[in-house]
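The values are calculated or read from the model by the stated rules, or taken from the named source; none is laboratory data. None of the values given here were measured: they were computed from a predicted structure. Here the Cβ positions follow ideal geometry from the backbone for every residue, glycine too, while neighbour counts run over all protein chains shown. With ligands, DNA and RNA removed, areas are computed over all heavy atoms of the protein, side chains included. Shrake-Rupley method; radii C 1.70, N 1.55, O 1.52, S 1.80 Å.
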Amino acid sequence: MSQTVDVGTPPTSPDDERVAQRSTLSRLLARPEIGALAGAVVIFIIFFIVAPPFREPSSLATVLYVSSTYGIPAVAVALLMIGGEFDLSAGVAVTASALVASMVSYQLSANMFVGVLVALVVALLIGFINGYLVVKTGIPSFLVTLGTFFMIRGLNLAITKIVTGNVGTNDVSDIAGFETAKNIFASQFTVGGVSIRITLLWWILFVLIATWVLLRTNVGNWIFAVGGSAASARAVGVPVNKVKIGLFMTVGFMCWFTGMHILFAFNTVQSGIGIGNEFIYIVAAVVGGCLLTGGYGSVIGAAIGAFIFGMTNQGIVYAGWNPDWFYFFLGALLLGAILFNNFIRQRAEAAR
């Protein structure tokens, strides 16, 4: 005959607290943004020390402005990369949006918002075509968007020269609706005597919305699932094709918004600008912790990555360094970020 004895709950070992602390540390190290945040602090301190103009509030405002113009498209590019895809046409899509809005309104003598809306349709269409080709053909997005990159680049130049007879658009500042549109996309305000561009506020808003979607909605779960394994996501009912096409169209929307800022900030647009910016968007996302293989990343991290780019872009000037070294530094930053993020993830996994 056996008897069950209730020995009560065993006392908590002192080691339990240390285990919990290691778990908290591992969760912190596992955050995609931690590497970018550490890099941003280091770069800020370096330029703060070596470049006296960098310490001025107006200089910080300029850094934030430059960061926002690259950070807005980087929001969507980060989401797309988490979903397992790339978009190499984003840079020229920004230019295409600005060109379309300018030429439609100027050549048709239409209200500025007619051009703005037509440009939005074109930008979304570019995103849809990219996404549709990727999901229907199975061709890697790198190759699909590389093809559309060259096509859009050619169209930007050829159509602009046909319509305007020049490589740039006409001045649209006298067209009805220009001032209202400028207030939305390219206005500025003063805080403490420092001029702040409205793109900074839009950038923060887009980062907050995208982060909420990514971490608090089913769509965010779908994005992570699709990037981790499209086949597994499809098996559990995730609409993989719709998610991917939607992400490409989100990139198109952010490119349109950035293009509108460029148009209303400078009144005219050169057809050759934007080439190469797609790599900066990708660099910002990768520096911010997005994996090239998809399924992991952070929009906040991409925003920090864009801020790092803005600091580097302006900090080199403020420090009086030779700007010819900028792209070398950008490449070294990308490689260093990849290695550092990989190290952080390995440490986090080992600490579990």
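Of the residues Val251, Val226, Val194, which is among the hydrophobic types (A, V, I, L, M, F, W, C), modelled with pLDDT under 95, more than 26 Å from Lys161 (Cα to Cα) and touching a helix residue (DSSP H, G or I) at 6+ places or on another chain (Cβ under 8 Å)? Testing whether each residue is among the hydrophobic types (A, V, I, L, M, F, W, C), modelled with pLDDT under 95, more than 26 Å from Lys161 (Cα to Cα) and touching a helix residue (DSSP H, G or I) at 6+ places or on another chain (Cβ under 8 Å) leaves just Val194. Restricting attention to region 149-198, the residues that are in a helix (DSSP H, G or I), polar (S, T, N, Q) and closer than 22 Å to Ser89 by Cα total 2.
Residues in region 96-113: is at least one of a type in the set (Val, Ile, Thr) and either farther than 22 Å from Ile300 by Cβ or open to solvent by less than 20 Å² (accessible area, probe 1.4 Å) (or both)? The answer is yes; a qualifying residue exists. Counting only residues that are open to solvent by 20 Å² or more (accessible area, probe 1.4 Å) and in a helix (DSSP H, G or I), region 48-65 holds 12 of them.
Residue-level check: of (1) touching a residue at least 40 places away in the same chain (Cβ under 8 Å); (2) assigned to a helix (DSSP H, G or I), Leu133 misses just (1).
When Ala123 is tested against (1) open to solvent by less than 70 Å² (accessible area, probe 1.4 Å); (2) assigned to a helix (DSSP H, G or I); (3) out of contact with any Leu (no Cβ under 8 Å at 6 or more places or on another chain); (4) more than 28 Å from Val63 (Cβ to Cβ), only condition (4) is not met.
Restricting the first member to region 326-339 and to residues that are free of Cβ contacts under 8 Å to residues at least 60 places away in the same chain, and the second to residues that are aliphatic (A, V, I, L, M), the beta-carbon pairs closer than 6 Å and six or more apart or on different chains are Phe326/Ile316; Leu334/Val283. The residues in region 218-243 that are open to solvent by 30 Å² or more (accessible area, probe 1.4 Å) and either of a type in the set (Val, Ile, Thr) or under 22 Å from Ile126 (Cα atoms) (or both) can be counted, and the count is 5.
All of (1) in a helix (DSSP H, G or I); (2) out of contact with any helix residue (DSSP H, G or I) (no Cβ under 9 Å at 6 or more places or on another chain); (3) not β-branched (Val, Ile, Thr) hold for Ser109 with one exception: (1). Residue count for region 275-291, restricted to those that are open to solvent by 20 Å² or more (accessible area, probe 1.4 Å) and closer than 18 Å to Asn221 by Cα: 1.
Regarding Val7, is this residue at pLDDT below 75, among the hydrophobic types (A, V, I, L, M, F, W, C), over 21 Å from the mean Cα position of the chain (by Cα) and in a helix (DSSP H, G or I)? It is false that Val7 is at pLDDT below 75, among the hydrophobic types (A, V, I, L, M, F, W, C), over 21 Å from the mean Cα position of the chain (by Cα) and in a helix (DSSP H, G or I). Residue pairs whose Cβ atoms lie under 9 Å apart, separated by 6 or more positions or on different chains, with the first residue in region 164-184 and more than 19 Å from Ala96 (Cα to Cα) and among the β-branched types (Val, Ile, Thr) and the second part of a loop (DSSP other than H, G, I, E, B) and open to solvent by 30 Å² or more (accessible area, probe 1.4 Å), are Ile175/Ser109; Ile175/Asn111.
The set of residues in region 164-178 that are in contact with a helix residue (DSSP H, G or I) (Cβ under 9 Å, 6 or more places away or on another chain) and of a type in the set (Gly, Ala, Ser) comprises Gly168, Ser173, Ala176, Gly177. Look at (1) of a type in the set (S, T, N, Q); (2) touching a strand residue (DSSP E or B) at 6+ places or on another chain (Cβ under 8 Å); (3) surrounded by 13 or more Cβ atoms within 10 Å (Cβ to Cβ) and you find that Asn170 fails only one, number (2). Write out, first by first residue and then by second, each pair whose Cβ atoms fall under 8 Å of each other, whose residues are 6+ apart or on separate chains, and whose first residue, in region 252-281, is within 17 Å of Gly115 (Cα to Cα) while the second is open to solvent by 40 Å² or more (accessible area, probe 1.4 Å) and acidic (Asp, Glu). Going by the 8 Å Cβ cut-off, the qualifying pairs are Asn267/Asp171; Thr268/Asp171. Could you tell me whether Ser89 is in contact (Cβ under 8 Å) with a residue 60 or more places away in the chain, hydroxyl-bearing (Ser, Thr, Tyr), open to solvent by less than 20 Å² (accessible area, probe 1.4 Å) and within 23 Å of Gly294 (Cα to Cα)? So Ser89 passes the test. With respect to the stated conditions, Ala210 fails to be free of Cβ contacts under 8 Å to residues at least 60 places away in the same chain and either in a helix (DSSP H, G or I) or open to solvent by 20 Å² or more (accessible area, probe 1.4 Å) (or both).
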